1. With N residues in region 17-382, what two-decimal value do you get for its Cα radius of gyration over 2.2 N^0.38 Å?
2. Quick test of the membrane-span-like rule: which DSSP H helices of the chain reach at least 20 Å along their long axis (C-alpha atoms) with mean Kyte hydropathy at least 0.0?
3. Ignoring ligands, DNA and RNA, what accessible area per residue does the chain give at 1.4 Å, in Å²?
4. What value does region 158-243 have for Rg/Rh, both radii from Cα atoms and Rh as Kirkwood defines it?
5. Rounded to whole Å and sorted largest first, list the principal axis extents of the Cα atoms in region 48-181.
6. What GluC sites (Glu not before Pro) does region 391-486 have in DSSP loop regions with at most 13 other beta carbons within 10 Å?
7. Cα centroid distance between region 453-500 and region 82-103, in Å?
8. Would you mind counting up the charge near G332? Only other residues with Cβ under 14 Å from its Cβ, with Lys and Arg at +1 and Asp and Glu at -1.
Amino acid sequence: MRARAAIHRDFRISNIDDRLYSAFIEHMGRAIYSGIYEPGHPAADRDGFREDVLKLVRDLQIPAIRYPGGNFVSAYKWEDGVGPKESRPVRLDLAWRSKETNQVGINEFATWAGRAGIEMMLAVNLGTRGLEEARNFVEYVNHPSGSYWSDLRRSHGVEKPYGVKMWCLGNEMDGPWQIGHKEAKEYGRLADETAKALRGLTPDAELIVCGSSNDTMPTYPEWERVVLEECYDNVHYISLHKYFGNNRKDTLNYFGKIEETGRYIQSIAGVIDYVKAKKRSRHDVHICFDEWNVWYHRRQEDSRRVKEWDWPEAPDLLEEDYNVEDALFVAGLLNEFIRRSDRVRIACIAQLVNVIAPIRAERGGPAWRQTIYYPYQFASLYGRGQALRVSVDSPRYDCEAADDVNFLDMAAVHDPAAKTLTLFILNRHLDETLELDAALAGFDAAQLVEHRVIEGHGRLEETNGPEAPDRVAPRQGSGLGVEDARLVGRLAPLSYHMVRMR
Ligand code: AHR
């Protein structure tokens with residue numbers, strides 16, 4: 001089968017915001033405890049942070065990380081996690097019916113994020129709490145000194161304020177499962193007032209208001225309209241969340257959900273434009289896709305376990321084993337984010353360690369990379385610069401999730417500083433090779449410098465694990481070459497390619 005594509009150096013979508021490759025970590029399961037923090041582990045540093053995990057995290061070059069939740073934040077008291085560790089209370093976390101020991105709080109997390117080289121993006125509790133506590137938290141985190149909360153931070157040994165800019169105004173407030181769930185207008189009003197207070201303390205804060213928990217919520221997309229009409233001029237981003245799976249064992253439909261996500265982004269962009277026009281505003285609101293990932297392998301089993309268990313401490317929860325099919329899906333989804341990077345400025349893989357995560361770590365044992373680690377890493381490392389428009393002419397298919405889905409999926413990023421052009425390419429066909437001919441206008445001298453591939457044909461179910469941590473890993477690609485500003489060659493069925501040219 002033949003597939004053609006064309007890009008042009010001057011035809012850009014956007015300057016990609018590096019934060020498109022951010023992550024999320026929540027106090028739940030073994031994400032924090034025995035994930036990033038495990039005093040006594042052979043690889044733990046002086047503060048109990050696992051160096052083996054930190055190494056895998058650093059290799060991803062993650063720009064920003066959302067913390068501490070998630071559903072957890074909606075009943076969280078941040079004050080429980082500061083001050084001497086021995087006096088911190090153990091609390092019952094209502095979101096995941098677990099015990100929270102509070103041995104990691106904002107100051108420990110900031111230390112970890114600093115060691116990982118990642119900027120923090122913090123969420124405030126607008127479920128059980130409100131404006132007053134949010135204000136106090138921002139004062140503790142960002143105010144230099146001379147006030148009650150900033151001096152409390154200093155008394156905890158943190159002299160300098162953290163200067164956190166990104167603040168999430170609650171989490172999934174549209175969801176009936178959320179502790180302190182709200183109606184759209186009620187939440188929009190609270191978000192607006194909280195936003196004003198937070199910006200009073202941190203004038204350059206970037207505020208993220210909650211959109212729908214996913215595009216199947218009954219209140220979607222009316223929720224976004226009502227919320228934005230309340231707070232549009234005081235916020236900078238609206239959040240989108242979406243988790244994916246292949247429950248029906250229909251690979252093409254699974255991949256079609258990438259197109260479905262494009263429609264989701266487009267619809268919310270339309271709501272933003274509508275509210276902006278209605279308000280005659282000059283202010284722009286962008287999209288922060290701050291929870292996305294594959295979550296289905298153990299989802300039902302885990303929701304049953306959570307209901308039955310007796311408030312365990314750091315239980316094994318949502319520890320999905322990702323396979324090659326999931327890696328191809330994640331690669332395609334990241335392509336969609338690059339193509340929509342004019343509207344999606346921030347996106348967070350959910351989550352980072354153990355809980356629906358690219359990195360897994362056994363308690364007292366090794367850490368390893370899951371299959372999805374690699375497309376995320378390639379996008380983070382090489383997907384920075386200018387997103388270019390890609391025209392694709394490829395055979396197509398229809399599925400329940402979307403019609404007219406191209407078997408060829410491609411995103412292109414030009415980094416003028418590094419003088420590189422990177423293509424992320426997916427052949428979604430189940431059993432046909434695609435003969436690719438991609439015109440690279442304006443890249444006359446381009447030479448292939450790197451080609452890495454993950455092949456899925458006959459191995460969609462393969463996973464990595466402690467016994468075989470590198471069973472699935474990208475290998476050196478072959479069969480593609482650059483001739484006269486054209487990338488030509490063969491793409492095996494169910495294969496993902498990262499192709500760099502200079
Ligand atoms: O990431 C797991 C959970 O998914 C988060 O706590 C919540 O925000 C979402 O529903």
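1. Numbers: Rg = 19.4 Å, N = 366, 2.2 N^0.38 = 20.7 Å.
Rounded to two decimals, the normalised Rg is 0.94.
2. Values: long enough: 184-201 (26 Å, -0.64); 251-278 (41 Å, -0.16); 324-339 (23 Å, 0.91).
Answer set is 324-339.
3. Values: 18840 Å² over 502 residues.
Accessible surface, normalised per residue, equals 38 Å².
4. Details: Rg = 13.4 Å, Rh = 13.3 Å.
Rounded to two decimals, Rg/Rh equals 1.01.
5. On the principal axes, region 48-181 reaches 38, 37, 30 Å in Cα extent.
6. Working: sites: E400, E432, E435, E450, E455, E461, E462, E467, E483; in loops: E400, E432, E461, E462, E467.
Filter output for region 391-486: E400, E461, E467.
7. With region 453-500 and region 82-103 each reduced to a Cα centre, they are spaced 44 Å.
8. Working: positive: K242, K257, R339, R340, R428; negative: E259, E260, E325, D326, E336, D409.
Once positives and negatives cancel, what remains is -1.
The values are calculated or read from the model by the stated rules, or taken from the named source; none is laboratory data. Quantities reported herein were computed from a predicted structural model and do not represent experimental measurements. As a convention, Cβ positions derive from the backbone with ideal geometry for all residues, glycine included, and neighbour counts pool all protein chains shown. Surface areas here come from the heavy atoms of the whole protein model, side chains and all, with no ligands, DNA or RNA. Shrake-Rupley method; radii C 1.70, N 1.55, O 1.52, S 1.80 Å.
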